[in-house]
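So the structure is just underneath, and the comments pick up after that.
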Amino acid sequence: MALRFAATAIAARARPKLGVEARAQADYELLFVVRSAKSSFMPGACVFPGGVEDDVDHTLAADRDQDHIMRWCALRETFEETGLLLSSAPSADALPRPERLEQVRREVVESPSAFESLARQCAWLKPTELHPWSRWVTPKNEYKSRFDTFFYVHHYTGSAEALGCERETQGHQWMSAEEAVAAHEARSIWLAPPTWITLQEIVLHRQLSSLLKAAHSPRDMTPLEATIINEKQSDNRVIRRVCFYGDEDNELHPIKGQRRRLVFDVKKFDYRWEVTDGVHPHPWATGL
């Protein structure tokens, strides 16, 4: 099954000044959308905005390289799903009127190529304001569609509020990484494994400045492709093991006797790490 390129934007914005009792919380929040229940890929999952590349992304990037193309993809898809332009406008006057933006967004939902005229009008749109964070490849044999998805971090400083997109999403919300993980554990939302694992790293950054410093630093963008093993239990539960590079059951890079896997009940999504000698698939995870 051929891979399709996709991009995701982790939009982070500063929170209002917190009271004394809330200072232990992170001083920023992240934008999440809930995928449509009708979606063919991870329906109902709470994820960061994003989607599949389109020809218009190649046009806007002038086919420079895949990274540049995917940054434009993340910009376009975030606009399509939330109505937000992830770039710093030089002034409020530089933004099209809200009603015009919403009209263009409806056009982009119908035809992604409509984004080109908006991008040309808003020449201040800068894909360089999105910073590479990670790259995930859909495991084989679990989904009809497979994606090679680039994750980017963006510092959102705009004043516009996110809007819904009935065709692709069924809601959106700003939450801290801690709040999202807690909501998943309470089963009020469902975080897909890449989102949950990404949040395990982001939650280590209590201040927005720390997150942005990490995002501006060189990142390992080696595609993360896991091998999935489903095991049916005697009580008919199905336990899924997501085996990353270095796990003895990873098809691409196995190491005998080593475990680097995420384990969970497929109905509960009660994620937990199962690793050898505390060595996780990601260097940052050693302190978890």
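The values are calculated or read from the model by the stated rules, or taken from the named source; none is laboratory data. The structure presented is a predicted model; accordingly, all values stated were derived computationally and were not measured. In this analysis, Cβ positions are derived from the backbone assuming ideal geometry, glycine residues included, and neighbour counts consider all displayed protein chains. All accessible areas refer to the heavy atoms of the entire protein, side chains included, with ligands and DNA or RNA removed. Shrake-Rupley method; radii C 1.70, N 1.55, O 1.52, S 1.80 Å.
Please indicate, with yes or no, whether at least one residue in the stretch 20-31 is open to solvent by less than 50 Å² (accessible area, probe 1.4 Å) and at pLDDT below 95.
yes
Just wondering, is there one or more residues in the stretch 111-133 that are among the polar types (S, T, N, Q) and part of a strand (DSSP E or B)?
Checked against the condition, which is being among the polar types (S, T, N, Q) and part of a strand (DSSP E or B), the stretch 111-133 yields no hits at all.
Kindly state which helices (runs of 4 or more DSSP H) lie completely within the stretch 141-255 and contain at least 2 residues that are surrounded by 20 or more Cβ atoms within 10 Å (Cβ to Cβ) and among the polar types (S, T, N, Q).
The helices (runs of 4 or more DSSP H) meeting that bar are 193-202.
Limited to the stretch 1-19, what total is found for residues that are farther than 20 Å from Lys213 by Cβ, of a type in the set (Gly, Ala, Ser) and modelled with pLDDT of 85 or more?
2
Do we find that Phe48 is at pLDDT 95 or above, more than 30 Å from Arg187 (Cβ to Cβ) and open to solvent by less than 20 Å² (accessible area, probe 1.4 Å) in this structure?
Spelling it out, it is not the case that Phe48 is at pLDDT 95 or above, more than 30 Å from Arg187 (Cβ to Cβ) and open to solvent by less than 20 Å² (accessible area, probe 1.4 Å).
Would you be able to tell me the number of residues in the stretch 258-268 that are in contact with an Asp or Glu (Cβ under 6 Å, 6 or more places away or on another chain) and assigned to a loop (DSSP other than H, G, I, E, B)?
Total meeting the criteria: 2.
Might you let me know whether the stretch 274-282 holds any residue that is free of Cβ contacts under 8 Å to residues at least 60 places away in the same chain, in contact with a Gly (Cβ under 6 Å, 6 or more places away or on another chain) and either open to solvent by 40 Å² or more (accessible area, probe 1.4 Å) or in a helix (DSSP H, G or I) (or both)?
no
Between a first residue in the stretch 80-105 that is without any contact (Cβ under 8 Å) to a residue 60 or more places away in the chain and a second residue that is in a loop (DSSP other than H, G, I, E, B) and among the charged types (D, E, K, R), which pairs have beta carbons less than 8 Å apart while being 6 or more apart in sequence or on different chains?
Ser87/Lys126
Name the residues in the stretch 135-148 that are at pLDDT 95 or above and of a type in the set (Ser, Thr, Tyr), would you?
none
Hey, can you tell me all the residues within the stretch 64-95 that are at pLDDT 90 or above, among the charged types (D, E, K, R) and either open to solvent by 10 Å² or more (accessible area, probe 1.4 Å) or in contact with an Asp or Glu (Cβ under 7 Å, 6 or more places away or on another chain) (or both)?
Asp65, Asp67, Arg71, Arg76, Glu77, Glu81
Among the residues of the stretch 244-253, is there at least one that is among the aliphatic types (A, V, I, L, M), more than 16 Å from Trp136 (Cα to Cα) and modelled with pLDDT of 85 or more?
No - not one qualifying residue is present in the stretch 244-253.
So Arg120 ticks every box in (1) farther than 17 Å from Phe79 by Cβ; (2) among the basic types (Lys, Arg); (3) open to solvent by 40 Å² or more (accessible area, probe 1.4 Å) but one. Which box is left unticked?
Condition (1) is where Arg120 drops out.
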